[in-house]
């Protein structure tokens, strides 16, 4: 299936809104870019092999420089993976098929935060964190984690860090909440 060309006018619907249903890969490219042309068929084949599990769209950086600026595209080809309206993974440059397969498999794997939450529930660990997450209060869960880190020892401290990092990954690289609590966690750990 040929990826759709997305414009500044259609980006919100085709990428942001659609990423609530399925991960959306945005291939930022340009006609003159030789590596972009090398990546395109490999990327399309890797996405097509995953049926409807992921959607691929293209943005011409020359035609829509505003989108490139908004998403900090400084080199092409650049591929940004969106989930729930946010960039959750990205790469720049033409990757090989095996590297693309790893990237896509990681993107489509269950979120580490979801897996950890299930482990916490089953093991009865960190009940206050689990309750906050079950209530949809990610900030509350992160606050509990950061406050517990200074007095936690050994494996407990590592488990708190592991859960926080998984929540940061789930929120995405540009999420302000993740950025704030990443700094707070670092201060608490060190």
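The values are calculated or read from the model by the stated rules, or taken from the named source; none is laboratory data. Remember, it's a predicted structure, so these values are computed and weren't measured experimentally. Backbone-built Cβ (ideal geometry, glycine too); neighbour counts: all protein chains shown.
Some notes on this structure:
- Residue, surrounded by the fewest Cβ atoms within 10 Å (Cβ to Cβ), within segment 86-106, restricted to residues that are in contact with a strand residue (DSSP E or B) (Cβ under 9 Å, 6 or more places away or on another chain) and over 16 Å from residue 39 (Cβ atoms): 106
- Any hit, segment 168-175, residues being within 24 Å of the chain's Cα centre (by Cα) and modelled with pLDDT of 90 or more: no
- From 174, 114, residue being surrounded by fewer than 15 Cβ atoms within 10 Å (Cβ to Cβ) and either assigned to a helix (DSSP H, G or I) or at positive phi (or both): 114
- Residue selected from segment 4-36 under the condition under 20 Å from residue 98 (Cβ atoms) and over 18 Å from the mean Cα position of the chain (by Cα), by the criterion surrounded by the most Cβ atoms within 10 Å (Cβ to Cβ): 36
- Residue match in segment 150-169 (condition: surrounded by 13 or more Cβ atoms within 10 Å (Cβ to Cβ), within 30 Å of residue 57 (Cα to Cα), touching a residue at least 60 places away in the same chain (Cβ under 8 Å) and not assigned by TED's automatic domain parsing to the domain that holds residue 50): yes
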